[in-house]
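Colleague: To start, I am sharing the structure in question, which I have written as structure tokens.
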Amino acid sequence: MSLWCFLDTSEEVFSYIRVLLLSVAAGLGCWGLMLVVVILLSRRAIRPLAENIERQKQFVTNAGHEIKTPLAIIQSNTEAMELYLGESKWSRNIKEQTRRLSGLMQNLLTLARMDEGAAPVQKTSLSLSGLAEKVLEPFLQPIEAQGIALERDIQPGVTLTSDPAQLEQLLSLLLDNAVKYTGPGGRICLSVKQEGKRARLCLENTCPQLPTVPPDKLFDRFYRGDAARTQKEGGYGIGLAVARSLAQANQGSLHAQYLPPQVIQFVAQFPN
């Protein structure tokens, strides 16, 4: 004869479920509370850093505008002095260094306006092919003077919607960089092509020695390939940073890579 016993455990099951739900609710509540605390504290911690960065941007802008006036006065006074006393090596040095400082301040102001979002992009439909030919024209003489071989592959009819002035400045910076660092007897190749729905600008130049840093490092502000930071090449170490900022401001991209044997390639792409 078998004996069957039935035990009602529903109360215990409900109790386990209640404990589980309360534990989950308590965990979620604590997590939410911690999230609120972290957000409030992080804002307080980051605020001084954000304010400091903003002050630095404003300082660059203000200092740039203040320095432009004395530079212009130095330049004009030097030219006036040459009219009376004639040109000398000292006056030429003054004009050259004034020109360098003016170019540096112009690039710094461009970067500052980009960082502050104070450089509005005036977009319009333009021919990248025609713009490349136009910007290349002033560089033909120094390219020929240094015995640099120029190859151009500019596909006609490549158009896009962008800021003409900013794209012209971007092209000028890339070409100026190529002419400075190619060296006599080197090679520069400029190409403009349509790739699907994107316009592609490519500039290659040979160099006596490839940089020892990753290609993306070339776009760091004030990076110079020569450790001594001499003025032999005449660069500021800021032109490529400005070029990338200009590309990004026009919804484009600018990247660099090394190609064998000793070639640096810069590729900018923009949506049509």
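Colleague: Pairs, please: C-beta under 7 Å, at least 6 apart or cross-chain, first residue closer than 21 Å to A243 by Cα and in the stretch 140-167, second among the hydroxyl-bearing types (S, T, Y) and in a helix (DSSP H, G or I)?
Modeller: Listed by first residue and then by second, the contacts come to I154/S129; V158/S129.
Colleague: Could you tell me whether any residue of the stretch 86-105 is modelled with pLDDT under 90, touching a Phe, Trp or Tyr at 6+ places or on another chain (Cβ under 6 Å) and not in a loop (DSSP other than H, G, I, E, B)?
Modeller: Scanning the stretch 86-105 turns up at least one residue that is modelled with pLDDT under 90, touching a Phe, Trp or Tyr at 6+ places or on another chain (Cβ under 6 Å) and not in a loop (DSSP other than H, G, I, E, B).
Colleague: Are any of the residues in the stretch 245-257 modelled with pLDDT of 90 or more, more than 20 Å from P164 (Cβ to Cβ) and under 14 Å from the mean Cα position of the chain (by Cα)?
Modeller: For the stretch 245-257, residues modelled with pLDDT of 90 or more, more than 20 Å from P164 (Cβ to Cβ) and under 14 Å from the mean Cα position of the chain (by Cα): present.
Colleague: If you go through the stretch 224-240 one residue at a time, do you hit one that is open to solvent by 10 Å² or more (accessible area, probe 1.4 Å) and modelled with pLDDT of 85 or more?
Modeller: yes
Colleague: Could you list, in sequence order, all residues of the stretch 160-206 that are modelled with pLDDT under 90 and over 22 Å from the mean Cα position of the chain (by Cα)?
Modeller: G183, P184, G185, E195, G196, K197, listed by residue number.
Colleague: Restricting to the stretch 119-144, name every residue that is outside any helix (DSSP H, G or I) and either at positive phi or open to solvent by less than 60 Å² (accessible area, probe 1.4 Å) (or both).
Modeller: A119, V121, L126, S127
Colleague: Quick check, is I94 open to solvent by 50 Å² or more (accessible area, probe 1.4 Å) and in contact with a Ser or Thr (Cβ under 8 Å, 6 or more places away or on another chain)?
Modeller: Answer is yes for this residue.
The values are calculated or read from the model by the stated rules, or taken from the named source; none is laboratory data. This structure is a prediction, so every number in the text was calculated from the model and none was measured. Neighbour counts are summed over all protein chains in view; Cβ atoms, including those assigned to glycine, are modelled from backbone coordinates with ideal geometry. Note: accessible area is taken over every heavy atom of the protein model, side chains too, but ligands, DNA and RNA are not part of it. Shrake-Rupley method; radii C 1.70, N 1.55, O 1.52, S 1.80 Å.
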